[in-house]
C-alpha cells in the first residue's frame, strides 16, 4: 500500500475590536461541490519550502483581502542552519488535524 502524507496548512484567528467589542473573523466557505457551506477561519495550504509565516500572510490576503499586521509568536522564532538546511522552530498557538473528509490537513 502506498503511503499518503498529510498536507501542512495554516489558518488564522483574526481579532478586531468593533465598537468596543472583541470579535474574530469567521467566513462561510464557498467551494465548488460543497453543499453544506461550512463556517471556518481563513486557512490554506503551505507551498513547498514556503516560510510558514509568509504562507499565513499569503493565505489571509488570498482568502480575505486583508493584510496581517502582527502574528503572535513570530518574534520568538528560532532559526538554525545546518549544512544546506535552514530550520525554523516556533510554538504554534493551536494545531489541528483532519482525520477524515476531503483533505488530510494538519
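The values are calculated or read from the model by the stated rules, or taken from the named source; none is laboratory data. As the structure is a computational prediction, the values presented were derived from the model and not from experiment. Heads up, the Cβs are rebuilt from the backbone with ideal geometry, glycines too, and the neighbour counts pull from every protein chain shown.
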Please work out if residue 75 is free of Cβ contacts under 8 Å to residues at least 24 places away in the same chain and in a loop (DSSP other than H, G, I, E, B). no
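Can you name the residue in the range 78-105 that is in contact with a strand residue (DSSP E or B) (Cβ under 6 Å, 6 or more places away or on another chain) and not in a loop (DSSP other than H, G, I, E, B) and, of all such residues, is modelled with the lowest pLDDT?
First pass over the range 78-105, keeping only residues in contact with a strand residue (DSSP E or B) (Cβ under 6 Å, 6 or more places away or on another chain): 78-80, 87-89, 98, 105.
With not in a loop (DSSP other than H, G, I, E, B) added as a condition, the list becomes 78-80, 87-89, 105.
Numbers: 78: 95, 79: 94, 80: 96, 87: 93, 88: 92, 89: 93, 105: 79.
Top of the filtered list is 105.
Restricted to the range 1-39, and to residues that are part of a strand (DSSP E or B) and in contact (Cβ under 8 Å) with a residue 24 or more places away in the chain, which residue is surrounded by the fewest Cβ atoms within 10 Å (Cβ to Cβ)?
Within the range 1-39, the first condition is being part of a strand (DSSP E or B), and the residues that meet it are 7, 9-11, 15-18, 21-24, 27-28, 39.
After this cut, where a residue has to be in contact (Cβ under 8 Å) with a residue 24 or more places away in the chain as well, the list is 7, 9-11, 27.
Working: 7: 12, 9: 19, 10: 22, 11: 18, 27: 14.
Across the range 1-39, the extreme among qualifying residues is 7.
Can you confirm whether residue 60 is within 13 Å of residue 10 (Cβ to Cβ) and in a loop (DSSP other than H, G, I, E, B)?
Details: within 13 Å of residue 10 (Cβ to Cβ): yes; in a loop (DSSP other than H, G, I, E, B): no.
So residue 60 does not fit the description; no.
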